[in-house]
Amino acid sequence: MNIYESAEDYLEAILMIQDRKGVVHSIDIAEELNFSKASVSIAMKKFRENGYISMEKNGEITLLAPGREIAERIYERHRILTSLFEKLGVSKEIAAKDACKVEHDLSPETFDALKKYEQSI
């Protein structure tokens, strides 16, 4: 399964919700991303089939190692980019929105350089 931007957004959302609430259900993801329940259901089926998540009978969603790895990478990018943009004077809301747009497309080399720079200021 190729991981595209929307898939990364789903996995990142699962991680963020899990950090906040401890437990994740499809409805939480739909609300977080402003997606339909049907879209989330289709995505969760694909993630489950490809070994990125597990789903309990009660609907609880858990990231498996491959899904967690992607989610943590994207979430780290989001946090670092948001922080950097805010330090540049961008409002918190716009910084977070712009970080979402940029986090998927940066090369590892560029992100590592931005991360080092952000930590130095």
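The values are calculated or read from the model by the stated rules, or taken from the named source; none is laboratory data. Given the structure is predicted, the values throughout are model-derived calculations rather than measurements. In this analysis, Cβ positions are derived from the backbone assuming ideal geometry, glycine residues included, and neighbour counts consider all displayed protein chains.
Annotations for the structure displayed:
- Contact annotation: residue pairs with Cβ atoms under 8 Å, 6 or more positions apart or on different chains, pairing a residue in region 100-121 that is farther than 23 Å from residue 16 by Cβ with a partner that is surrounded by 11 or more Cβ atoms within 10 Å (Cβ to Cβ) and modelled with pLDDT of 90 or more, are 117/84; 121/87.
- Of all the numbered requirements in (1) over 13 Å from the mean Cα position of the chain (by Cα); (2) under 25 Å from residue 106 (Cβ atoms); (3) surrounded by fewer than 19 Cβ atoms within 10 Å (Cβ to Cβ); (4) not acidic (Asp, Glu), residue 47 misses one, and that requirement is (3).
- Total residues in region 61-88, condition loosely packed, with under 14 Cβ neighbours inside 10 Å and touching a His at 6+ places or on another chain (Cβ under 8 Å): 0
- Residue check, residue 42 within 17 Å of the chain's Cα centre (by Cα) and of a type in the set (A, V, I, L, M): no
- Within region 62-121, the set of residues being of a type in the set (Lys, Arg) and within 12 Å of the chain's Cα centre (by Cα) comprises 68, 73, 77, 79, 101.
- Selected residue (only one of 115, 92 is surrounded by 16 or more Cβ atoms within 10 Å (Cβ to Cβ) and not assigned by TED's automatic domain parsing to the domain that holds residue 29): 115
- Extreme residue, surrounded by the most Cβ atoms within 10 Å (Cβ to Cβ), among residues of region 1-26 that are more than 20 Å from residue 66 (Cβ to Cβ) and touching a residue at least 12 places away in the same chain (Cβ under 8 Å): 25
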